[in-house]
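One structure below.
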Amino acid sequence: MEQSNAIQLKGITKRFGKVVANDHISMEIRRGEVLSLLGENGSGKTTLMNMLSGIYFPDEGEILVNGEPVTIASPKDAFACGIGMIHQHFKLVDVFTAAENIVLGLESEGKLNLKEAAARIREISEKYGFSIDPNKKVYDMSVSEKQTVEIVKVLYRGADILILDEPTAVLTPQETDRLFAVMRNMREDGKALVIITHKLHEVMDVSDRVAVLRKGQYIGDVATKDTNPQKLTDMMVGRATTLNIDRPDPVNPVPRLEVSNLTVFDNLGVKRLDNVSFTAMGGEILGIAGIAGSGQKELLESVAGLQHVQSGASIRYTAMGEEHRDGVELVGKTPLQIKQSGVSLAFVPEDRLGMGLVGSLGMTGNMLLRSYRNGKGFFTDRKKPEQLAETVMEELEVVTPSTSFPVRRLSGGNVQKVLVGREIAQEPSVLMTAYAVRGLDINTSYTIYNLLTEQKMKGVAVIYVGEDLDVLLELCDRILVLCGGQVSGIVDARKTTKEEVGLLMTRFQKEGSKA
């Protein structure tokens, strides 16, 4: 198929105050092609695509669709140009069915015919290889099913230029493979696809061409067949980088957190954790592996005092230098009571802006959340939080106009840097992280890995929940595998294989899995 330009960008510039998010970018998106848009966090990838989808409006430059200049001032304008964007955070109504969500907001003559809509949805699904039940409620769907609804929604509206922002961030390897098969079918149908992702093996697997942004500027593009992950990383960062994780051996590991018989039910009475027991050692990184929804979130929240656990459970914390004492029992304590007990615990939750940070506050305000109780009455010390914010901004290279700029307006990677930097600054003896590098670029991810390793070498017990098995095998000392809320194995990360961990993730094994 002869490729033609679906979209041409000419000199596109977008500013937010003093920050230039996109600086005179000119590039092409072609039909019958999957284009990977690559760049470090804050390089302007999502901002650029948000201008194509009508969320932002460029300050300068021109957008051409099928060779004709267009004005895209709203998502409605974008759909009129055949452009549909599938965002990281789904925009669905939980109590509606798939069909109701897909037709929501569409203008129609007369009464809406959901039966006809369902037939059209099935037609689209069969054409491209989707698996979707038009009558299923969104609250009953898995993450991949919700994503499918979002993709079918833009196809239903006639989009032939699709932009997918971090589409595999919460998918299992099997779900990712199915998504890529669908993307290839759409490409063969002549559609133009743009995928924003930080996972280089996915870039190599699914894309035909890679375009790279760096600090808001367009660096260039390259055919995927003519490059490799190392070359792409160097192109992204602007210098030679090393893609190796340093994993020193643990030095005198000692029990820091002992969890016994942990059982947790959610608000609907569904058992999320079933008799989980393990020990996290100071001076090691304990990885937690499992397919989405296996109990990882509930496990960390139970330790942090955010989940109600069943009677008979024990979570015993032992401080550094107090290994011969009984320790502190955390079960039944709130997060504040845990802190008041002298427990040095840091938690980087999965929900960065929901549980971790306050989006309307700047970096200083969010640092203050950890220390405001140290003030007296109305006089709260803002000097130290401001100093900490500046230190985190400098050392972790957070891209922000100022330490008072609302964190919700920062890129996902910069938000994560703020959160991780704040928690590590507490000098904890137990550091728990849930998907600490989800959505982060390669360079920032390796910065986080090094920070976690530094904490480990200081004697901290690091618990790392991750979705990338390759990273878990390279970074961690031991890996605890959860399957359906149960511990299906604890393995030595230096000796196990990706295949063994994968099997433990998908079926419960009672024998031969302890390390």
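The values are calculated or read from the model by the stated rules, or taken from the named source; none is laboratory data. Note that the coordinates shown come from a computational prediction; the quantities given were computed from them, not determined experimentally. Note that we place each Cβ from the backbone using ideal geometry, even for glycine, and neighbour counts take in every protein chain shown.
Worth pointing out:
- Hits in the range 8-22 - residues which are in a strand (DSSP E or B) and on the phi < 0 side of the Ramachandran plot: Gln8, Leu9, Lys10, Ile12, Thr13, Lys14, Arg15, Phe16, Val19, Val20, Ala21, Asn22
- Filter result for Gly321 (in a loop (DSSP other than H, G, I, E, B) and out of contact with any strand residue (DSSP E or B) (no Cβ under 6 Å at 6 or more places or on another chain)): yes
- Residue within the range 44-54 that is within 28 Å of the chain's Cα centre (by Cα) and in a strand (DSSP E or B) present: no
- Residues in the range 9-21 that are surrounded by 18 or more Cβ atoms within 10 Å (Cβ to Cβ) and at pLDDT 95 or above: Leu9, Ile12, Lys14.
- Any hit, the range 44-57, residues being within 22 Å of Asp208 (Cα to Cα) and surrounded by fewer than 16 Cβ atoms within 10 Å (Cβ to Cβ): no
- The residues of the range 280-300 that are more than 20 Å from the chain's Cα centre (by Cα) and not in a strand (DSSP E or B) amount to a single one, Gly283.
- For the range 188-199, the count of residues that are buried (at least 16 other Cβ atoms within 10 Å of the Cβ) and either assigned to a helix (DSSP H, G or I) or without any contact (Cβ under 8 Å) to a residue 60 or more places away in the chain (or both) is zero.
- The set of residues in the range 299-321 being in contact with a Pro (Cβ under 8 Å, 6 or more places away or on another chain) and of a type outside the set (Gly, Ala, Ser) consists of Leu300, Glu301, Leu306, Thr318.
- Applying the condition of being part of a loop (DSSP other than H, G, I, E, B) and touching a Lys or Arg at 6+ places or on another chain (Cβ under 8 Å) to the range 382-424 and asking which residue is surrounded by the most Cβ atoms within 10 Å (Cβ to Cβ) yields Val398.
- Selected residue [in contact with a Leu (Cβ under 9 Å, 6 or more places away or on another chain) and in a loop (DSSP other than H, G, I, E, B)] from Val264, Val343, Val276: Val343
- Unique residue being touching a Phe, Trp or Tyr at 6+ places or on another chain (Cβ under 7 Å), modelled with pLDDT of 85 or more, under 30 Å from Arg409 (Cβ atoms) and surrounded by 15 or more Cβ atoms within 10 Å (Cβ to Cβ) when the list is Ala346, Ala304: Ala304
- Scanning the range 56-95 for residues that are in contact with a strand residue (DSSP E or B) (Cβ under 8 Å, 6 or more places away or on another chain), assigned to a loop (DSSP other than H, G, I, E, B) and closer than 30 Å to Val437 by Cβ yields Tyr56, His87, Gln88, Asp94.
- Search result, residues across the range 455-475 that are under 16 Å from Met432 (Cβ atoms) and assigned to a helix (DSSP H, G or I): Gln455, Lys456, Leu472, Leu475
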